Structures are given as C-alpha cells and as structure tokens.
Amino acid sequence: MVISAPSGGGKTVVRSELLKLDRRFVFSVTCTTRPRRPGEVDGKDYYFVTVEKFGKLRKEGKLLEWAKVHGNYYGTPAKSVADALKAGRIPVMTIDVKGARSVKKVFPAAVTVFLLPPDLKTLVQRLRGRGEAPENVAVRLETARAEIKMAAWFDYLVINDRLKEAVLEVAAIADLETRRTGRNLDKVKDFGSQLNGAKGRL
Ligand code: ADP
Ligand code: 5GP
C-alpha cells in the first residue's frame, strides 16, 4: 500500500495510526540522504545513508524506486517490501507522488492512496503546527501545486479531515483490496485441488 500526499497532508500520522490499528500493516522503512531530524531514529524512521551509499544501492538495483525530493534522495529498499509480503503482511510506504508512480509501474499489484487535507487553510495550519518555518511552508505549498495534479492518477482518494476517519478509510481500502479475486487465486486453486482429490469419494 502506497500512501502519498502533499507535505503536511498527514502521511506520517496516518501511517502511525494505521500500524497501531492493525498488526497486518508494517511500515516499509525507506532510505534518505537528508540529515536526521531531532527525535528521528535510524532504522525506524529512515535508514539515513550518505549520497555515496545511496548511489551504490541504486546501481546495485536494491531500490524499488527512488526520487529526489526537496534536494535530497529518497528510495525504497526492495527487500523490505518483499520480506513483508512474504510474511503475509501489508507493507505501507509513505512516499512522494513520483515514487508512488514508479512503484505502481514496477509492481502493478500495489494500491495507491492519495491523502488530501480538506482545504488549503487546514494544510497551512497543519504545516505551521508541525513547526515548519514560513519559507519551508511556502516551498511545500509550491510543490503541492504539482503534486495535486497527479492525484487523479491514484487508485483512491482519502480526505484527511478527522484523523480517525481517514485512518479507518485507508484500512477499509486495504481490507477490500485483499479480497480481490486476483489476489486470492491460490485459495480457489487449492479448493479446486480438494474437489479433484475427492472425486468419486463424496
Ligand atoms: P506528512 O507526513 O504528509 O508531511 P504529517 O503526518 O507530518 O504530514 O502531518 C502534518 C501535521 O498535521 C502533523 O503535525 C500532524 O500531526 C497534523 N495532522 C495530520 N492529519 C491531521 C488531522 N486529520 N487532524 C489534525 N492534525 C493532523
Ligand atoms: P521528509 O524528508 O519530510 O521525511 O520527506 C519528504 C518527502 O519524501 C515526503 O513526501 C516523503 O513521503 C517522501 N519520501 C520518503 N521516503 C521516500 C522514498 O523512499 N521514496 C520516495 N519517492 N519518496 C519518499
């Protein structure tokens, strides 16, 4: 599950509530070359890597996707997503819109969700409330202009007005998506094998 939004749209908080709500969800920790912010933990919030290390990961094909956002490199390690899927869990990626498109291209089974605040006033309030300096707010709003143009491309749109409702909506999307026939053909096949195996005995 890939969640994108303009900066301040609620990706981080929605993700954290989603993980608390249901143990099926697991956060796919991504790599970044940006400096660690106070309170962030390496390996939990991000893998903080040098530009050289990032370049090496990219060249070795270890990133599912990557993008440059606000001057820093970000990328999703393919292994963390593959491990989560193998364990039958739902990897949650909170990445920028370009990254979301790249993931969908290489991995069409991904479900993409665009989070949108109810209005611009709320977005500005939330960015300020997070402690962003006025110049950072301006940069993020400018980027948001391009990002929202890509909203129509996403599978789902969730309006992040009341946090609890937005989280439940994202969880409901995941729930429905896990029930798609195409994701469950192994179960149908298994039932078919049981029927074949029982031929003449029932
Ligand atoms: P992003 O990760 O997309 O940049 P955040 O999750 O950091 O956005 O959210 C930006 C700020 O807005 C944070 O301070 C967060 O706690 C707050 N916020 C997000 N969604 C809501 C909501 N539905 N109601 C109130 N505050 C919210
Ligand atoms: P921040 O530096 O504020 O944590 O994140 C900046 C932006 O980079 C956010 O939109 C965030 O979702 C995005 N981002 C984080 N990790 C990745 C990643 O692995 N790939 C891509 N494409 N974007 C990411």
With a 26 Å threshold on alpha-carbon distance, the violating pairs from 62/104; 56/105; 44/187 are 44/187
For the stretch 2-178, averaging the sequence separation of alpha carbon pairs under 8 Å that lie six or more residues apart and dividing by its residue count, the contact order in percent is 31
Among beta bridges that DSSP assigns inside the stretch 2-178, antiparallel share in %, nearest 5
35
More than 28 angstrom apart: percent of Cα pairs within the stretch 2-178
19
Distance in Å, no decimals, from the C-alpha centre of the stretch 38-108 to the one of the stretch 122-171 is 20
Expected 222 nm ellipticity per residue - DSSP helices of 4 or more, -39500 (n - 2.57), all of the chain, to 500
-14000 deg cm²/dmol
Of the candidates 187, 20, 149, which one comes out as most mobile in a Gaussian network treatment of the chain with C-alpha springs shorter than 10 Å?
187
Which residue, 122, 94, 181, tops the fluctuation ranking in a GNM of the chain built on C-alpha contacts under 10 Å?
181
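A short reminder: the numbers here are calculations on the coordinates, not readings from a lab. Remember, it's a predicted structure, so these values are computed and weren't measured experimentally.
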